[in-house]
Structure formats: C-alpha cells, structure tokens
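Single-structure report; data block below.
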C-alpha cells in the first residue's frame, strides 16, 4: 500500500491549539499544501494576524512574522518590497482584516501589492469570546448582540470579496468554504492559485474562506458546518469575484 | 485494500471525519480517552475502507494518514 494522504512537510508536528472542529486547521493544511506543491517553503514568509490564528507561526515550517492587530498587510507590503523574491502571505481573520485592518486591506489591495491574502471569515470574534464582528449576519446572536444583530443600529455585514473586486489593483479574489470535501478541494485550488499569481507577479490575490466557529456559535462541529451552509453561504455567495485572466465574473 | 491511521495524540474527537466518511465506518471510540481527554476517532470496519481520504480531507488537525 502507498500513502495517498499525509500531513504536508510544511506543517510542524506541534498540536494545534484550536477548538475541536475549528476549520482553521483545514485552511492551515491547505496553505501548507500549496507551499509544498509550489516548492516555495524555503522562501515563503507568512504574516500572522491577531485573533485565534495569532499563534499560527508555530504550525508552519516557513518563516513567520506576527503583525499588530489589523496591520498584517502593511507588514506584508514592507516584506515584499524589501525582499521581492520571497513569497509573502498573510493569514487573517475577519476581526483583523475586515474590522481594525480595513484601511490596510483596502489600501494594500488598491496599491496592487504582489502578496497573497488568506482571509478567514467565521462571522464572529473567536479569540475574544464571540462578540459581533463586522461580518456577523443580520439577526445573528452573539455575546454583544443577544437579541440578534440589529441592522438599524449595527448596520450590515461587509462583503469583502465584492468590495475588493472593484479595485483595479486586485488580480484575484475568490470566496470559498471548507464545509465538505468538494468545497475543500475547490478551496485548495483557489489558495494554490493565489500563491501562483504572486510567483508570476500578477499582483494582489485574496482568498476568503467561510469558516466555522463551533465554540462561539454554540454548536457542535458538524452542526456548525450545516449552519454555515444554511446561513453564511446565502449571504456570502461562493465564487470567483475577480480574476485578471478571466475578467470579472459577477 | 486501504486503511487509515489516526494519530490519537492530536485527535480532538470533533467528529468531522465521522460525518465526512461516505461509508459511515468511522466512529469516536467511546471506550477510550486520549491524553487530551477526547474520544479518538477509530475505523470500526477496516475491511470496508476504500481509502477515499474524505476523512483526512475534513480533519482539522491533520490527524489522519491514508494508505491505499
């Protein structure tokens, strides 16, 4: 018998600190597989954000930097400009990329920085205990919206891929999810393409991954996958929002 | 002939592999606990495994190795 699936060499043996069933682990593996397949482990530098993924530097075997809250893409910009031959990626959650880091995100995108952005959208603040995030759905119950997100006072969730796809500097924007095997395989291809774009010098590439937060949603891991499918996908449609090769689809 | 090897040290008993298995032959082993205090995933009917790697694809902790 031959091994057909094993842990990629670009992930360390450190056990991940994420809650049981958290999809961060799947996305970590997809990023690691992309680095392994493209053979860029040795020149990759990841930028960790603030949030549950703050300690992801323990899990990737490539070099990592930990940026202040929201500033990952500003740090990545500096890294890429100082060392253009390295492959630079950020790994950010919604509380980081779409809240405190919105300015850094929009401006890195509009400058067309040649970096890869992995954006985890789980519609809640995970590490701090489940408060409403900019991406929380209308009516969603969180610690700070016990009666559900009221759009009269809290407004509407940010659709990051749609927003960034209007900017000329963006080369690639795709929204994927990891709720089943088929979607994980689509996400794997999207993440690999986002890295490939950077290697080919195409410019800013973002992959938004709809993820679960079973602990703060108050659901079991499998129930959380179903909740994602029923509630998040209708508000955040999956698909390619911008691809410089193929033109804007939606 | 195929099999999966579960690294029980890192398994958190989340059950995503149980849910993902198309043949429904994986279960959490309720008779045992790992060092973290979780019931680890176990292949209950090894002879039926086809090595599709659905379980490994959905495992957040990359605890599953698949041989075929």
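The criterion of at least 3 residues that are within 24 Å of residue B:56 (Cβ to Cβ) is met by the following helices (runs of 4 or more DSSP H) wholly inside the stretch A:148-250: A:181-199, A:221-227. Within the set B:8, B:47, the sole residue that is in a helix (DSSP H, G or I), more than 17 Å from residue A:182 (Cα to Cα) and more than 11 Å from chain A (Cβ to nearest Cβ) turns out to be B:47. Residues in the stretch A:109-125 that are within 8 Å of residue A:204 (Cα to Cα) and part of a helix (DSSP H, G or I): A:109 alone. One residue stands out among those in the stretch A:227-243 that are touching a residue at least 12 places away in the same chain (Cβ under 8 Å) and loosely packed, with under 15 Cβ neighbours inside 10 Å: the one that is nearest to residue A:148 (Cα to Cα), which is A:237.
Residues in the stretch B:50-68 that are more than 7 Å from every other protein chain (Cβ to nearest Cβ) and more than 10 Å from the chain's Cα centre (by Cα) were compared, and the one that is nearest to residue A:182 (Cα to Cα) is B:52. Tell me which residues, restricted to the stretch B:12-35, are closer than 19 Å to residue A:181 by Cα, touching a strand residue (DSSP E or B) at 6+ places or on another chain (Cβ under 8 Å) and assigned to a loop (DSSP other than H, G, I, E, B). Those that are closer than 19 Å to residue A:181 by Cα, touching a strand residue (DSSP E or B) at 6+ places or on another chain (Cβ under 8 Å) and assigned to a loop (DSSP other than H, G, I, E, B): B:13, B:15, B:25.
List the strands (runs of 3 or more DSSP E) inside the stretch A:1-93, counting only whole elements, that have at least 3 residues being touching a residue at least 12 places away in the same chain (Cβ under 8 Å), crowded, with 19+ Cβ neighbours inside 10 Å and away from every other protein chain (no Cβ under 13 Å).
Working: elements: A:3-5, A:44-48, A:63-66, A:87-93.
Fully inside the stretch A:1-93 and qualifying: A:44-48, A:87-93.
Values in this text are rule-based calculations from the coordinates and carry no lab data. None of these values were measured; they are calculated from a predicted model. Quick reminder, even Gly has a Cβ in these numbers, built from the backbone with ideal geometry, and neighbours come from all protein chains shown.
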